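A.B. asks: One structure coming up, written as structure tokens, with questions to follow.
The values are calculated or read from the model by the stated rules, or taken from the named source; none is laboratory data. Since the model is a prediction, treat every value here as computed from it, not as a measurement. Cβ placement follows ideal geometry from the backbone for every residue including glycine, while neighbour counts extend to all protein chains displayed. Calculation scope for accessible area: heavy atoms of the full protein, side chains included, ligands and nucleic acids excluded. Shrake-Rupley method; radii C 1.70, N 1.55, O 1.52, S 1.80 Å.
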Amino acid sequence: MDSQAALDALSALAHEHRLTLFRQLVRVGSEGMAAGAIAGVLDIPNSSLSFHLAQLRRAGLVTQERR
């Protein structure tokens with residue numbers, strides 16, 4: 001991992017909701033989790049969840065798949 005990628009990842013994880021979100025996704029593994037289920041578990045509004053997921057996606061920490 002190059003320095004910029006590491007800084008981007010650390011910056012994305014430097015927020016309480018994003019760190020909690022990332023930990024939840026690590027726990028469920030590669031099968032992933034539906035956005036609505038994540039919002040319910042973390043007790044955050046869908047709009048906030050979308051924002052935080054976008055930050056993690058831009059940092060290369062998560063991927064998105066539509067089903």
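A.B. asks: Looking at region 28-38 only, could you name the residues that are of a type outside the set (A, V, I, L, M) and either at pLDDT 95 or above or open to solvent by less than 90 Å² (accessible area, probe 1.4 Å) (or both)? Working first, answer last.
C.D. replies: Let us first name the residues in region 28-38 that are of a type outside the set (A, V, I, L, M), namely 29-32, 36.
Passing the criteria: Gly29, Gly32, Gly36.
A.B. asks: Right, another one. Output the number of residues of region 1-16 satisfying the condition of being open to solvent by less than 80 Å² (accessible area, probe 1.4 Å) and without any contact (Cβ under 8 Å) to a residue 40 or more places away in the chain.
C.D. replies: To start, the set of residues in region 1-16 that are open to solvent by less than 80 Å² (accessible area, probe 1.4 Å) comprises 5-6, 8-9, 11-13, 15.
Those still in the list that are without any contact (Cβ under 8 Å) to a residue 40 or more places away in the chain too: 6.
Result for region 1-16: 1.
A.B. asks: To continue, here is another question. Looking only at region 39-65, count every residue that is closer than 30 Å to Ser3 by Cα and open to solvent by less than 90 Å² (accessible area, probe 1.4 Å) and tell me the total.
C.D. replies: Taking region 39-65 as the starting set, the residues that turn out to be closer than 30 Å to Ser3 by Cα are 48-65.
This time we only want the ones that are open to solvent by less than 90 Å² (accessible area, probe 1.4 Å), so: 48-50, 52-56, 59-62.
Residues in region 39-65 being closer than 30 Å to Ser3 by Cα and open to solvent by less than 90 Å² (accessible area, probe 1.4 Å): 12 in total.
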